[in-house]
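Step one of this worksheet: look at the structure below.
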Amino acid sequence: MTAVAGRLAGKVALVTGGTSGIGAATVARLAAEGARVIFTGSNAEAAAKVCAETGAVFHASRVEDPVAWDVLAERISAEFGRLDIAFANAGKEAGDGSIESITFEGWQGVLDVNLTGAMLTCRAAVGLMKANPEGPRGSIVINSSMNAHRAMGNFMAYSVTKAAVVALAKSVAVHCGNQGYQIRCNAILPGVVETALITNLIDKAPDPAAARRAYEGMSQLKRMGRVDEIAGLVAYLGSDEAAFVSGAEWVIDGATTAGMMGV
């Protein structure tokens with residue numbers, strides 16, 4: 001998907017978990033369309049590469065830490081003077097399991113990042129967007145998953161949090177509209193996307209070719225999604241073209257969850 005030059009000119013964007021995968025691709029896409037971008041994460045080496053390639057600004061921070069959000073919000077206000085787009089992208093699967101195998105620590109760790117982190121992102125974004133010079137306006141996008149609709153038995157906490165953040169997006173959208181803010185909030189629900197994480201899993205599988213076929217076969221389009229395709233949807237939702245789009249869940253999964261063929 002080709003970037004639309006200048007579509008986001010004059011806007012400031014925040015991306016959490018922006019050092020790799022969908023996050024890094026979105027940092028690049030938003031910057032290519034003219035936005036000034038600040039992104040978070042914990043991998044300084046990967047962040048330096050993203051900064052060099054995009055001109056974006058890195059802020060080392062953990063999304064589940066409420067105190068860290070106060071620091072980040074102050075920096076955005078001082079250095080950028082506004083916030084127009086926030087992409088709550090940071091996520092975690094490590095420590096997950098089934099209802100029988102998951103530990104409490106594993107459960108809490110996934111919830112802290114995927115759900116509490118998304119909530120804190122939204123809360124900080126609304127506060128910053130309310131202070132925009134022309135009045136409360138902006139776009140918040142939360143990265144959910146197709147697993148919000150098709151839960152995984154062996155990744156319970158991930159599935160639960162991805163369903164919960166869809167409700168979070170809708171709640172934020174309804175609240176902001178009711179308050180008279182021109183602040184929109186939407187959730188995106190990607191299917192299997194070919195990130196470095198997925199590629200590594202394929203490469204380490206006993207039969208990499210079979211593993212690739214399995215991932216590609218999940219979609220009716222018989223391929224995995226690309227990070228630039230997900231980034232393109234985030235850029236659209238952050239743009240003025242989507243000014244009347246709020247409280248929606250945008251499935252981008254190659255028809256994986258759309259249905260099935262009859263016998």
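The values are calculated or read from the model by the stated rules, or taken from the named source; none is laboratory data. Fair warning: this is a prediction, and the values are worked out from it, not measured in the lab. Cβ atoms come from the backbone with ideal geometry, glycine included; neighbour counts cover every protein chain shown.
Going by the conditions given, is Val4 out of contact with any Pro (no Cβ under 8 Å at 6 or more places or on another chain), modelled with pLDDT under 95 and not in a helix (DSSP H, G or I)?
Details: out of contact with any Pro (no Cβ under 8 Å at 6 or more places or on another chain): yes; modelled with pLDDT under 95: yes; not in a helix (DSSP H, G or I): yes.
Considered against the rule, which asks whether it is out of contact with any Pro (no Cβ under 8 Å at 6 or more places or on another chain), modelled with pLDDT under 95 and not in a helix (DSSP H, G or I), Val4 comes out as yes.
Only one of these conditions is not met by Pro66: (1) under 21 Å from Leu120 (Cα atoms); (2) crowded, with 17+ Cβ neighbours inside 10 Å. Which number is it?
(2)
Mind listing whichever residues of region 178-214 are over 16 Å from the mean Cα position of the chain (by Cα), among the polar types (S, T, N, Q) and over 30 Å from Phe244 (Cβ atoms)?
The answer is Thr199, Asn200.
Residue by residue, here is whether (1) more than 17 Å from Ala88 (Cβ to Cβ); (2) surrounded by 21 or more Cβ atoms within 10 Å (Cβ to Cβ); (3) in contact with a Gly (Cβ under 6 Å, 6 or more places away or on another chain) holds:
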site: Ala205; (1), (2), (3): yes, no, no
site: Arg212; (1), (2), (3): yes, no, no
site: Arg223; (1), (2), (3): yes, no, no
site: Gly232; (1), (2), (3): yes, no, no
site: Ser246; (1), (2), (3): no, yes, no
site: Asp253; (1), (2), (3): yes, yes, yes
site: Ala258; (1), (2), (3): yes, no, no
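Here's a check for you: in region 4-34, which residue that is out of contact with any Asp or Glu (no Cβ under 7 Å at 6 or more places or on another chain), among the aliphatic types (A, V, I, L, M) and within 9 Å of Ala56 (Cβ to Cβ) is surrounded by the fewest Cβ atoms within 10 Å (Cβ to Cβ)?
The selected residue is Ala31.
Which residue pairs have Cβ atoms closer than 6 Å, lie 6 or more positions apart in sequence or on different chains, and pair a first residue in region 130-147 that is in contact (Cβ under 8 Å) with a residue 12 or more places away in the chain with a second residue that is of a type in the set (Gly, Ala, Ser) and assigned to a strand (DSSP E or B)?
Once the first residue is in contact (Cβ under 8 Å) with a residue 12 or more places away in the chain and sits in region 130-147, its partners that are of a type in the set (Gly, Ala, Ser) and assigned to a strand (DSSP E or B) give Ile140/Ala86; Ile142/Ala88; Ile142/Ala187; Ser144/Ala187.
Scan region 72-83 for residues that are more than 17 Å from Thr116 (Cα to Cα) and in a helix (DSSP H, G or I) and jot them down. It would help to see each step written out before you state the result.
Going residue by residue through region 72-83, those that are more than 17 Å from Thr116 (Cα to Cα) are 74-83.
Scanning region 72-83 gives Glu74, Arg75, Ile76, Ser77, Ala78, Glu79, Phe80.
May I ask you to list the residues in region 15-57 that are within 18 Å of the chain's Cα centre (by Cα), over 20 Å from Arg226 (Cα atoms), in contact (Cβ under 8 Å) with a residue 24 or more places away in the chain and in a loop (DSSP other than H, G, I, E, B)?
Ala35, Asn43, Ala56
For a quick check of your reading of the model, give me the residue pairs whose first member lies in region 171-183 and is under 16 Å from Asn132 (Cα atoms), whose second is crowded, with 16+ Cβ neighbours inside 10 Å and of a type in the set (Asp, Glu), with beta-carbon atoms closer than 7 Å and at least 6 apart or on different chains.
Pairs that qualify, where the first residue is under 16 Å from Asn132 (Cα atoms) and the partner is crowded, with 16+ Cβ neighbours inside 10 Å and of a type in the set (Asp, Glu): there are none.
Across region 179-203, which residue is surrounded by the most Cβ atoms within 10 Å (Cβ to Cβ) among those that are among the charged types (D, E, K, R) and under 30 Å from Asp84 (Cα atoms)?
At the first step, the residues of region 179-203 found to be among the charged types (D, E, K, R) are 184, 194, 203.
Those left that are additionally under 30 Å from Asp84 (Cα atoms): 184, 194.
Numbers: Arg184: 25, Glu194: 17.
Taking the candidates together, the pick is Arg184.
Among the residues of region 98-105, are any at pLDDT 95 or above, assigned to a helix (DSSP H, G or I) and at negative phi? Outline the logic, then answer.
Of the residues in region 98-105, the ones at pLDDT 95 or above are 98-105.
Now narrow it down to the ones that are assigned to a helix (DSSP H, G or I): 104-105.
If we keep only those that are at negative phi too, we end up with 104-105.
Among the residues of region 98-105, at least one is at pLDDT 95 or above, assigned to a helix (DSSP H, G or I) and at negative phi, which makes the answer yes.
Take the residues in region 70-93 that are more than 17 Å from the chain's Cα centre (by Cα) and farther than 15 Å from Ala35 by Cβ, then tell me which one is surrounded by the most Cβ atoms within 10 Å (Cβ to Cβ). Let's see the steps before the verdict.
Initial filter on region 70-93 (more than 17 Å from the chain's Cα centre (by Cα)): 70-82.
Still in the list and also farther than 15 Å from Ala35 by Cβ: 70-75, 77-78.
Working: Asp70: 11, Val71: 12, Leu72: 23, Ala73: 18, Glu74: 11, Arg75: 14, Ser77: 14, Ala78: 8.
Among them, the one singled out is Leu72.
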